[in-house]
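One structure below.
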Amino acid sequence: MSTIRKCAVKNCVYDESVTYHRIPKDFATRNDWLNLLCLPPTTSNRVCSKHFNPLDFVVKDDGHIWLKKNAYPFPVIITSEPFENEVEVEYTPLKYID
Ligand SMILES: [Zn+2]
């Protein structure tokens, strides 16, 4: 049996040494993950271990690698977006009350 292993994160480079982890089903946690990983809400793919702190993994007796229940992925920064949409932030000087 072969499983197609692909990370759901955009521009993530395939790496044989990584492990893949399911996006949690719990609504709130799932939303947090999707936001952090810049993924659409419909994503059902797994994400690879590169997006997590190595300390968030637990190796079970059978050799399987599990993510800790409260683990959160690192935020994904999409760098390929064009910069022309950038909005100039207007500087508002501090107002002092007399
Ligand atoms: Zn990945």
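The values are calculated or read from the model by the stated rules, or taken from the named source; none is laboratory data. Computed from a prediction, not measured in an experiment: that's the story for all the values here. Note: ideal-geometry Cβ built from the backbone for every residue, glycine included; neighbour counts use all protein chains shown.
Odds and ends about this structure:
- Checking the stated criteria, N45 turns out to be within 13 Å of the ligand (Cβ to nearest atom), under 19 Å from A8 (Cβ atoms) and either polar (S, T, N, Q) or touching a residue at least 60 places away in the same chain (Cβ under 8 Å) (or both).
- Conditions (1) loosely packed, with under 15 Cβ neighbours inside 10 Å; (2) modelled with pLDDT under 90; (3) touching a Leu at 6+ places or on another chain (Cβ under 9 Å); (4) farther than 15 Å from F74 by Cβ; number of the one not met by M1: (3)
- In region 41-54, the residues that are within 16 Å of P73 (Cα to Cα), at pLDDT 85 or above, out of contact with any Leu (no Cβ under 8 Å at 6 or more places or on another chain) and in a loop (DSSP other than H, G, I, E, B): N53
- Scanning region 18-37 for residues that are within 12 Å of the ligand (Cβ to nearest atom) and closer than 18 Å to I78 by Cα gives a single hit, L37.
- Lone qualifier among C12, C38 - being out of contact with any strand residue (DSSP E or B) (no Cβ under 6 Å at 6 or more places or on another chain), at pLDDT below 95 and at positive phi: C38
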